[in-house]
Amino acid sequence: MLPRTQVLHEEMVGFVATGNRARIEFLQRLAEFVRDRHYLELGLPSPLAYLQCVLKVPRSTAYESLSLCRELEKRPLLVEAYGRGKFSYRVLRELLLVAVAETEEEWLALATDLERTGDEVIAEAKDARRNGRRRPRRETHGLPNLTTRVTLEMTREQWGLVHTALARFGENCALPGEEVVEADAEGCGGASEVSGEKLGARVAQDKTQADTHSSPPPRLSLEEGLIGLSQWIIDRGDQFSAGPSEISPSHVSPSQGGPASATPARSATKIVYHHCPSCRKSAVEALEGSVEVDPDSVVRRADSAEVVMISPEEELALEALPDGELDVPNSSRLASRVKSRDGDRCRNPACRRRGVELHAHHFRFRAAGERTCLANEVSVCGTCRALIHAGLLVVEGTPGKKLR
């Protein structure tokens, strides 16, 4: 690492740690302020009134601060690591809400794991609270499939256009009076808002239908309409692709992934599922990474999807060749299988981009006599590949599983 790079890195970590310690000091003082009821000396009826009226803290933030200040003394390990800049305040906030004395060390190990991002740690903590657990999950096949809040902003004219389109889509989805089965929503479900207003109301039917004596068409919520429309587009992927053979009709590749491509367009517009028949666990490649999903839904999609089967034997490493001998370069078929196994994503844990040109890279270099096989290949983007060959990035771990 260059001297100036090291200096900047250490300074930025120091600034983050300083800010974290200041926040800890504030919460500790707030705990004492509340415990000894100092707010009464200021003529205020509650600590909430002090935070809102004197410090001008928004109401939601004030409630959060009052809740967290009571947990600081109970979780010294998390607080100490936060004070050293090991993770952000958002991570600390979620961990304080779920960790207990018996599980604090487990959550600390998860939060300081370099293979985990802050968003992943937060997702695990939220999933634990949702399911009444106090410990992180031990065996996972991806991130928990939490709901995602989607906020949309548009003019009234644009909303009218969307409103009408979804209403007509709902009319054509099923016959009048038939039950509408809610579409699967892996990776794209959640509450939705438009211009700050909650759109949980059902989409109203077209006025022309109201004037007829026929049964009203099934009405969809915004969430159901967007999910159904998305599935409709995916199921007709060949009509939206650049060419007749550019994308498979279903765009869905369950099992151990779908066919890989070096073109950004294809990897950005297909959905890749992973499914293990033996352990019955499945995941979908979402924006945040692999997300656990219902295995039955993946099996149902396999009938209309392009399936790539990867056997356990293919993942076994081969012995290196004698000195001076080189194995063959990657074939296009092997490169495609590597990218499919890796979910069409750069496997560098600090990158993990999709929709970019990917390269099947020898995990252990072919020039050193290592073999050209699935167990020694990993998908990386062009930038990470250049960093590896320049000696600035070292990838360790096991291809197809965990890297660091």
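Quick notes on this structure:
- Coordinate range along principal axes, alpha carbons of segment 347-386, Å, largest first: 31, 18, 17
- Nitroxide proxy distance, nm - points 7 Å out along Cα→Cβ at residue 154 and residue 233: 1.1
- Expressed as a fraction of 2.2 N^0.38 Å, the value expected for a compact globular protein of N residues, the C-alpha radius of gyration of segment 327-402 is 0.99.
- With 29 Å as the limit on Cα-Cα distance, the pairs of 126/281; 74/126; 74/281; 281/339 that go past it are 74/281.
- Built amide H within the under 5 Å cut-off of residue 358, gap 5+: none
- Extension gain from residue 41 to residue 332, taking 0.36 nm per residue of separation minus the Cα-Cα distance: 97.2 nm
- Here the Kirkwood formula puts the hydrodynamic radius of segment 3-130 at 15.9 Å, using every distinct Cα pair.
- With both labels modelled 7 Å from their Cα along Cα-to-Cβ, the residue 88 to residue 392 distance reads 2.4 nm.
- Extension gain (nm, one decimal) between residue 315 and residue 6, 0.36 nm per residue minus Cα-Cα: 107.4 nm
- Beyond 14 Å, the tail of the calculated P(r) for segment 115-175 holds 71 percent of the Cα pairs.
Every number in this text was worked out from the coordinates using simple rules, so none of it is lab data. Since the structure is predicted, the reported quantities are computational estimates derived from the model, not experimental observations. Here the Cβ is made from the backbone with ideal geometry for all residues, glycine too, and neighbour counts use every protein chain on show.
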